[in-house]
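Notes follow the structure.
The values are calculated or read from the model by the stated rules, or taken from the named source; none is laboratory data. Not measured: the values here are computed from a predicted model. Virtual Cβ from ideal backbone geometry, glycine too; neighbours counted across all protein chains shown.
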């Protein structure tokens with residue numbers, strides 16, 4: 001048989017899913033591994049989908065998505081961040097942000113182009129760059145600096161081969177929120193070196209003690225930015241697989257070509273549910289955000305008390321504590337915690353080399369489960385501290 005794709009073969013399976021699959025087989029196991037909200041999609045959003053099915057909304061839509069949904073997305077972004085997009089030509093409804101990222105990179109990247117990203121980073125970023133034929137350039141961040149992107153390191157990394165800078169704030173896995181001043185400096189560098197910005201802002205509504213900065217709204221950014229957003233995290237709609245991409249029309253048209261020939265369109269029922277989420281979902285978003293914040297403060301306090309140094313995250317629903325006090329590697333810590341205490345977390349090294357010495361815990365599960373998981377983690381740490 002002829003060999004299969006080298007690009008695909010060179011990419012390992014997701015480290016997150018590996019631990020999730022093992023945890024699912026164990027009795028009395030508490031998973032803090034997957035970024036899956038424990039909330040059910042609010043009833044009024046589910047009801048809108050039921051109504052859509054009853055009324056016969058079972059067809060294809062425009063490749064760009066329902067025009068009414070694109071109008072609501074554009075209005076939402078303008079109201080919140082002051083950034084303006086034409087619903088006719090600058091908004092594309094995607095099958096989750098995951099598809100949006102994939103088609104953004106495929107529309108941008110030629111073989112040999114470099115895409116700069118900051119690590120620790122979400123596990124799909126490097127593979128998606130590779131699948132698009134690009135070369136990922138990974139810049140480390142440090143927990144002692146709150147995992148803030150290093151602008152000077154970025155400046156040194158920019159070359160004539162750089163095509164884009166990939167950003168994710170609030171960040172998965174660290175929960176870091178880049179300051180507005182830092183993002184403004186990154187935009188200035190992008191303008192100076194004529195590179196694109198891909199900004200994954202799926203966690204934009206989940207911020208604590210700060211405000212979210214929409215990259216596309218910054219001076220000089222709109223003409224070179226692909227803004228990715230969606231409904232999975234803020235509205236507890238992970239299984240609906242609905243997101244969006246916004247960009248200048250010529251760039252979005254390139255993305256739409258890939259979307260057209262691979263996905264055709266996002267599911268119409270999910271699009272109708274997303275309309276309802278934007279129209280009347282604000283109260284539920286804030287309710288869930290407050291509950292995440294309550295869990296966040298508890299988890300940070302308890303982890304620090306047991307010696308796992310933890311920078312308070314300002315966004316998303318993850319913490320990324322240092323486990324160096326145990327003398328264990330990220331993989332060792334995670335494997336032994338799973339088998340000894342039946343708690344599943346994710347080793348930090350799956351998010352890039354600079355994630356070594358850390359693990360990711362998600363607090364997007366119920367408070368009683370979090371409290372029990374923390375008791376088990378504390379027992380484990382007491383046994384293994386150096």
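All but one of (1) touching a helix residue (DSSP H, G or I) at 6+ places or on another chain (Cβ under 6 Å); (2) over 27 Å from residue 319 (Cβ atoms) hold for residue 113, so report the exception by its number.
Only one criterion in (1) touching a helix residue (DSSP H, G or I) at 6+ places or on another chain (Cβ under 6 Å); (2) over 27 Å from residue 319 (Cβ atoms) is unmet by residue 113, namely (1).
So which residues in region 109-126 are over 20 Å from the mean Cα position of the chain (by Cα) and either buried (at least 20 other Cβ atoms within 10 Å of the Cβ) or free of Cβ contacts under 8 Å to residues at least 40 places away in the same chain (or both), if there are any at all? Please lay out each step first, then the result.
First pass over region 109-126, keeping only residues over 20 Å from the mean Cα position of the chain (by Cα): 109-114.
Once the filter is applied, which keeps residues that are over 20 Å from the mean Cα position of the chain (by Cα) and either buried (at least 20 other Cβ atoms within 10 Å of the Cβ) or free of Cβ contacts under 8 Å to residues at least 40 places away in the same chain (or both), region 109-126 yields 109, 111, 114.
Here are 223, 181, 185, 209: which of them is surrounded by fewer than 24 Cβ atoms within 10 Å (Cβ to Cβ) and free of Cβ contacts under 8 Å to residues at least 24 places away in the same chain?
Just one listed residue meets the conditions, 181.
Could you list, in sequence order, the residues of region 349-366 that are touching a helix residue (DSSP H, G or I) at 6+ places or on another chain (Cβ under 6 Å) and either assigned to a helix (DSSP H, G or I) or without any contact (Cβ under 8 Å) to a residue 40 or more places away in the chain (or both)?
First pass over region 349-366, keeping only residues touching a helix residue (DSSP H, G or I) at 6+ places or on another chain (Cβ under 6 Å): 349-350, 355-359, 363.
Across region 349-366, the qualifying residues are 349, 350, 355, 356, 357, 359.
Looking only at region 367-386, which residues are in contact (Cβ under 8 Å) with a residue 60 or more places away in the chain and more than 17 Å from residue 304 (Cα to Cα)?
So the first thing to find is which residues in region 367-386 are in contact (Cβ under 8 Å) with a residue 60 or more places away in the chain, and the list is 367, 369-374, 376-378, 381-382, 385-386.
Passing the criteria: 367, 369.
The rows are residues; the columns are (1) crowded, with 20+ Cβ neighbours inside 10 Å; (2) outside the structural domain of residue 223 (by TED's automatic domain parsing); (3) in a helix (DSSP H, G or I); (4) touching a residue at least 40 places away in the same chain (Cβ under 8 Å).
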{"position": "22", "(1), (2), (3), (4)": "no, yes, yes, yes"}
{"position": "52", "(1), (2), (3), (4)": "no, no, yes, yes"}
{"position": "59", "(1), (2), (3), (4)": "no, no, no, yes"}
{"position": "64", "(1), (2), (3), (4)": "yes, no, no, yes"}
{"position": "78", "(1), (2), (3), (4)": "no, no, yes, no"}
{"position": "88", "(1), (2), (3), (4)": "no, no, no, no"}
{"position": "93", "(1), (2), (3), (4)": "yes, no, no, yes"}
{"position": "103", "(1), (2), (3), (4)": "yes, no, yes, yes"}
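I'm trying to understand the selection: among the residues of region 78-97, which are in contact with a strand residue (DSSP E or B) (Cβ under 7 Å, 6 or more places away or on another chain) and on the phi > 0 side of the Ramachandran plot?
Hit for region 78-97 is 96, nothing else.
So which of 321, 250 is more than 30 Å from residue 42 (Cα to Cα) and without any contact (Cβ under 8 Å) to a residue 12 or more places away in the chain? Lay out the reasoning, then the answer.
Working: 321 fails: without any contact (Cβ under 8 Å) to a residue 12 or more places away in the chain.
Among 321, 250, only 250 is more than 30 Å from residue 42 (Cα to Cα) and without any contact (Cβ under 8 Å) to a residue 12 or more places away in the chain.
Quick check on region 134-178: of everything there that is without any contact (Cβ under 8 Å) to a residue 24 or more places away in the chain and touching a helix residue (DSSP H, G or I) at 6+ places or on another chain (Cβ under 8 Å), which residue is nearest to residue 357 (Cα to Cα)?
Here the answer is 139.
Would you please name the residue that is nearest to residue 13 (Cα to Cα), looking only at residues in region 126-183 that are touching a strand residue (DSSP E or B) at 6+ places or on another chain (Cβ under 8 Å), in a helix (DSSP H, G or I) and at pLDDT 95 or above?
Checked region 126-183; the qualifying residue nearest to residue 13 (Cα to Cα) is 126.
What is the number of the single condition among (1) part of a helix (DSSP H, G or I); (2) free of Cβ contacts under 8 Å to residues at least 60 places away in the same chain; (3) in contact with a strand residue (DSSP E or B) (Cβ under 8 Å, 6 or more places away or on another chain) that residue 336 does not meet?
So residue 336 meets the others, but not (3).
Out of (1) modelled with pLDDT of 95 or more; (2) surrounded by fewer than 23 Cβ atoms within 10 Å (Cβ to Cβ); (3) farther than 17 Å from residue 148 by Cα, what's the single condition that is false for residue 322?
Going through the list (1) modelled with pLDDT of 95 or more; (2) surrounded by fewer than 23 Cβ atoms within 10 Å (Cβ to Cβ); (3) farther than 17 Å from residue 148 by Cα, residue 322 breaks only (3).
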